[in-house]
């Protein structure tokens with residue numbers, strides 16, 4: 001029986017077999033964060049596993065016959081390909097403009113999810129099925145191209161994160177293992193680790209070179225306010241503000257804008273192909289317009305040439321990643337045991353870093369980018385937890401009520417009962433009386449809430465049974481709860497507005513005081529105009545300012 005010995009001179013790990021497949025899903029998911037963090041594109045200089053998976057995945061972005069043959073698959077736009085678009089949002093109902101969008105877009109979906117995660121303030125009252133209402137005061141967005149023929153857009157600068165400091169670990173490990181392989185004289189593993197560093201670094205640099213743009217739709221300067229609500233089950237988001245700011249959420253979208261050297265624009269001509277005798281030409285001819293405005297029909301065997309983005313630079317990076325996999329598959333067995341261990345070490349550390357990037361909540365990062373672009377914070381978004389659906393309906397309707405007399409509601413397109421019907425479409429006699437009482441209270445606008453008492457219903461409830469009276473009483477109680485919370489919210493807004501106004505006036509007067517100090521006492525006459533404001537704000541007395549200016 002031969003003696004079995006462990007001879008390391010002929011021992012080989014043969015890690016090339018799994019070099020390109022190990023960690024593929026994590027590498028693809030990690031690459032999807034390349035646009036979501038500032039500087040992420042510059043931190044890819046390490047020997048990352050999963051090069052084959054990343055190359056096959058992102059090679060589908062390259063759009064030409066050559067790239068389609070090498071990387072078969074659907075040619076999607078980079079925005080939806082990477083996950084910045086494609087989710088369906090909740091319905092949107094405008095309160096004044098009459099706009100109704102049955103299914104909004106990806107940004108509305110992100111915005112709704114962010115509002116759902118926000119901490120809510122519980123409103124006391126009757127409780128059956130809890131509903132949440134988030135009131136958002138949209139901020140003015142400075143779009144570029146708003147006054148031109150192009151769609152308004154806004155470039156978003158990605159947030160800064162601590163990931164770039166953690167990226168130093170795989171980068172340092174890959175460089176160190178590469179140097180150790182050279183020191184040991186294993187030039188195969190040295191070159192393969194170096195190839196992995198360059199391939200992954202260049203790919204991150206090219207794929208992550210796009211800037212994220214919030215692209216909205218053109219709007220009219222005379223458009224009514226964009227006040228409206230997003231409705232998703234038991235959660236409603238009430239948005240208040242200008243049409244352009246609300247439309248950025250309901251109709252806007254993220255767009256990845258690459259540089260021309262990445263897009264590599266080419267002309268692509270497609271031919272109309274017809275089968276002789278299939279009758280398609282006659283169908284097209286009979287279905288074409290024959291009015292005076294359409295003009296004579298011009299037969300053509302070619303369509304207009306379309307200008308497409310080839311993304312050849314991304315295709316080359318994908319090809320480089322696939323070639324890296326093939327090279328590692330062939331040459332890793334030629335390395336020494338020490339070199340293969342070093343190669344495997346760089347792979348392991350890089351895989352852990354990719355796992356860290358893949359574990360990030362990409363939707364949350366997109367929500368942060370969206371709020372950053374919209375200029376929103378928790379101060380502009382308040383969520384209230386209401387005990388019943390009827391309370392939520394009245395509260396949302398009151399929040400959407402325009403600041404004008406009830407006689408102008410029809411002119412502005414505000415229909416309170418239609419808003420309430422979006423929550424509760426019931427049309428029985430009890431619900432009809434309840435809606436009428438809500439409308440009457442909103443028109444009267446009296447703090448006593450007399451219209452929300454069952455005694456104010458007069459003869460309309462004379463024929464009601466005991467159960468119907470109890471139901472109407474509960475519904476009116478819910479309406480009173482919503483109205484009281486609305487009054488509290490209005491008082492809070494007025495106090496905040498007054499405080500901000502006084503603060504701004506105080507800062508202005510203080511600047512005038514400093515100006516008087518440096519320009520001389522002759523400016524005191526101009527400052528005396530604000531003497532009454534100074535006494536009201538209790539910033540300084542007039543004598544104190546005179547003394548300060550004289551000094």
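Here is a yes/no grid of residues against (1) more than 44 Å from the chain's Cα centre (by Cα); (2) closer than 21 Å to residue 402 by Cβ; (3) at pLDDT below 50:
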{"position": "433", "(1), (2), (3)": "no, no, no"}
{"position": "455", "(1), (2), (3)": "yes, no, no"}
{"position": "469", "(1), (2), (3)": "yes, no, no"}
{"position": "494", "(1), (2), (3)": "no, yes, no"}
{"position": "513", "(1), (2), (3)": "yes, no, no"}
{"position": "535", "(1), (2), (3)": "yes, no, yes"}
{"position": "542", "(1), (2), (3)": "yes, no, yes"}
{"position": "548", "(1), (2), (3)": "yes, no, yes"}
Considering only residues that are part of a loop (DSSP other than H, G, I, E, B) and modelled with pLDDT of 55 or more, look in the stretch 1-26 and name the one that is surrounded by the most Cβ atoms within 10 Å (Cβ to Cβ). 19
Name, by its number, the condition in (1) assigned to a loop (DSSP other than H, G, I, E, B); (2) within 19 Å of the chain's Cα centre (by Cα); (3) modelled with pLDDT of 90 or more that does not hold for residue 134. (1)
From the residues in the stretch 56-69 that are buried (at least 21 other Cβ atoms within 10 Å of the Cβ) and part of a loop (DSSP other than H, G, I, E, B), which one is modelled with the highest pLDDT? 62
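Please specify each residue of the stretch 412-421 satisfying the condition of being surrounded by fewer than 17 Cβ atoms within 10 Å (Cβ to Cβ) and either out of contact with any helix residue (DSSP H, G or I) (no Cβ under 6 Å at 6 or more places or on another chain) or outside any helix (DSSP H, G or I) (or both).
So in the stretch 412-421, the residues surrounded by fewer than 17 Cβ atoms within 10 Å (Cβ to Cβ) come out as 412-413, 415, 417-418, 421.
Answer for the stretch 412-421, where residues must be surrounded by fewer than 17 Cβ atoms within 10 Å (Cβ to Cβ) and either out of contact with any helix residue (DSSP H, G or I) (no Cβ under 6 Å at 6 or more places or on another chain) or outside any helix (DSSP H, G or I) (or both): 412, 413, 415, 418, 421.
Please find, among 102, 116, 144, the residue that is out of contact with any helix residue (DSSP H, G or I) (no Cβ under 9 Å at 6 or more places or on another chain), surrounded by 12 or more Cβ atoms within 10 Å (Cβ to Cβ), farther than 14 Å from residue 239 by Cβ and free of Cβ contacts under 8 Å to residues at least 40 places away in the same chain.
Numbers: 102 fails: surrounded by 12 or more Cβ atoms within 10 Å (Cβ to Cβ); 116 fails: free of Cβ contacts under 8 Å to residues at least 40 places away in the same chain.
Unique residue meeting the criteria: 144.
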Among the residues of the stretch 435-453 satisfying the criterion of being more than 14 Å from residue 481 (Cα to Cα) and outside any helix (DSSP H, G or I), which is nearest to the chain's Cα centre (by Cα)? 445
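Looking at the stretch 168-186, is at least one residue at pLDDT 85 or above and touching a strand residue (DSSP E or B) at 6+ places or on another chain (Cβ under 7 Å)?
Within the stretch 168-186, not a single residue is at pLDDT 85 or above and touching a strand residue (DSSP E or B) at 6+ places or on another chain (Cβ under 7 Å).
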Can you find even one residue in the stretch 86-100 that is within 25 Å of residue 481 (Cα to Cα) and in a strand (DSSP E or B)? yes
Considering residues that are outside any loop (DSSP other than H, G, I, E, B) and crowded, with 19+ Cβ neighbours inside 10 Å, the number found within the stretch 214-231 is 5
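Any idea which of 80, 53, 48, 29 is free of Cβ contacts under 8 Å to residues at least 12 places away in the same chain and either part of a helix (DSSP H, G or I) or surrounded by 18 or more Cβ atoms within 10 Å (Cβ to Cβ) (or both)? Give the steps one after another, and end with the answer.
Details: 53 fails: free of Cβ contacts under 8 Å to residues at least 12 places away in the same chain; 48 fails: free of Cβ contacts under 8 Å to residues at least 12 places away in the same chain; 29 fails: free of Cβ contacts under 8 Å to residues at least 12 places away in the same chain.
The match here is 80.
Specify which of the listed residues (162, 254) is free of Cβ contacts under 8 Å to residues at least 12 places away in the same chain and under 23 Å from the mean Cα position of the chain (by Cα).
Numbers: 254 fails: free of Cβ contacts under 8 Å to residues at least 12 places away in the same chain.
Checking each option against the conditions leaves just 162.
Kindly indicate whether residue 86 is closer than 30 Å to residue 225 by Cα, at pLDDT below 90 and within 20 Å of the chain's Cα centre (by Cα). Working first, answer last.
Details: closer than 30 Å to residue 225 by Cα: yes; at pLDDT below 90: yes; within 20 Å of the chain's Cα centre (by Cα): yes.
Here the answer is yes, as residue 86 does meet what is asked.
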So, in the stretch 303-320, how many residues would count as being under 29 Å from the mean Cα position of the chain (by Cα) and at pLDDT below 90? 6
Step by step: first the residues of the stretch 422-433, then only those that are in a helix (DSSP H, G or I) and out of contact with any strand residue (DSSP E or B) (no Cβ under 7 Å at 6 or more places or on another chain), then the one that is nearest to residue 95 (Cα to Cα). Which residue is that? 423
Out of everything in the stretch 456-480 that is without any contact (Cβ under 8 Å) to a residue 12 or more places away in the chain and in a helix (DSSP H, G or I), what residue ends up being surrounded by the most Cβ atoms within 10 Å (Cβ to Cβ)? 470
Scan the stretch 384-411 for residues that are assigned to a helix (DSSP H, G or I), touching a residue at least 40 places away in the same chain (Cβ under 8 Å) and over 29 Å from the mean Cα position of the chain (by Cα) and jot them down. 390, 391
Which condition from (1) over 30 Å from residue 479 (Cα atoms); (2) free of Cβ contacts under 8 Å to residues at least 60 places away in the same chain; (3) part of a helix (DSSP H, G or I) is the one that residue 72 breaks? (3)
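The values are calculated or read from the model by the stated rules, or taken from the named source; none is laboratory data. Everything numeric in this text was worked out from a predicted model, so none of it was measured. Heads up, the Cβs are rebuilt from the backbone with ideal geometry, glycines too, and the neighbour counts pull from every protein chain shown.
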